[in-house]
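Chemist: Next up is a structure, given as structure tokens.
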Amino acid sequence: MYPQPPLFSEIVPNLFMGGTDDLDVIHFAQNSYAKRQDLPFKAIVTMYAWARPADWNVQEFRYGVPDASIKEIDLDRLREAVDFGYNRWQSGDSVLVRCQAGLNRSGLVTALILIRSGITAEDAIKTIREKRDADALFNEEYVAFLLEHGDSFFSPSQQAA
């Protein structure tokens, strides 16, 4: 069987990328919803609509999108998610960017946070694959978007569009 990556991985100091436990979703009413002690984050960007909300005293930005075509994502809302994660990370918070499996949607946002911090799209993708999993960002549309638009995603002309 193919080994699963850990629930979350530290990509760079205080910036983590990960997924959601199979039972840590909103549609399992029998879940006890006990306070989790194993998620040491001050802020979470959640890109998976069915993930259970962040725990008490954790600031969260939620924008659930399918892991499909980049065309199905509202780029203004994506930019807001990235801005939230980037600003919390830059303020010194430990930040988790999560989706369902912790490979594509979380990878897209994490890569854009890294690009906003000044590294190239190529280096962001490479770092994520080294630190998270070799299969991270296997969604080819997301990778093409990052390589083509990542460096200009935060330019004033993109924000006005």
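Chemist: Since Ala124 meets every condition but one in (1) under 21 Å from Pro5 (Cα atoms); (2) surrounded by fewer than 21 Cβ atoms within 10 Å (Cβ to Cβ), which condition does it not meet?
Modeler: Every condition holds for Ala124 apart from (2).
Chemist: Can you tell me which residue within the range 1-23, out of those that are assigned to a loop (DSSP other than H, G, I, E, B) and in contact with a strand residue (DSSP E or B) (Cβ under 7 Å, 6 or more places away or on another chain), is modelled with the lowest pLDDT? Reasoning before the result, please.
Modeler: First, pick out the residues of the range 1-23 that are assigned to a loop (DSSP other than H, G, I, E, B): 1-7, 13-14, 19-23.
Now drop any that are not in contact with a strand residue (DSSP E or B) (Cβ under 7 Å, 6 or more places away or on another chain), which leaves 7, 14, 19-20.
On the way: Leu7: 88, Asn14: 97, Gly19: 89, Thr20: 83.
Applying the filter and picking the extreme gives Thr20.
Chemist: Filter the range 91-131 down to the residues that are out of contact with any helix residue (DSSP H, G or I) (no Cβ under 7 Å at 6 or more places or on another chain) and basic (Lys, Arg), then identify the one that is farthest from Ser155 (Cα to Cα).
Modeler: Lys131
Chemist: Quick one: how many residues across the range 52-104 are surrounded by fewer than 22 Cβ atoms within 10 Å (Cβ to Cβ), part of a helix (DSSP H, G or I) and aliphatic (A, V, I, L, M)?
Modeler: Number satisfying all stated conditions: 3.
Chemist: Show me the helices (runs of 4 or more DSSP H) found entirely inside the range 105-161 where at least 1 residues are at pLDDT 95 or above, charged (D, E, K, R) and in contact with a Phe, Trp or Tyr (Cβ under 6 Å, 6 or more places away or on another chain). Steps first, answer last, please.
Modeler: Working: elements: 105-116, 121-131, 140-149, 156-160.
In the range 105-161, the matching helices (runs of 4 or more DSSP H) lie at 105-116.
The values are calculated or read from the model by the stated rules, or taken from the named source; none is laboratory data. Please read these numbers as outputs of a predicted model, since none were measured by experiment. Please note: Cβ atoms are built from the backbone with ideal geometry, for glycine as well, and neighbour counts cover all protein chains shown.
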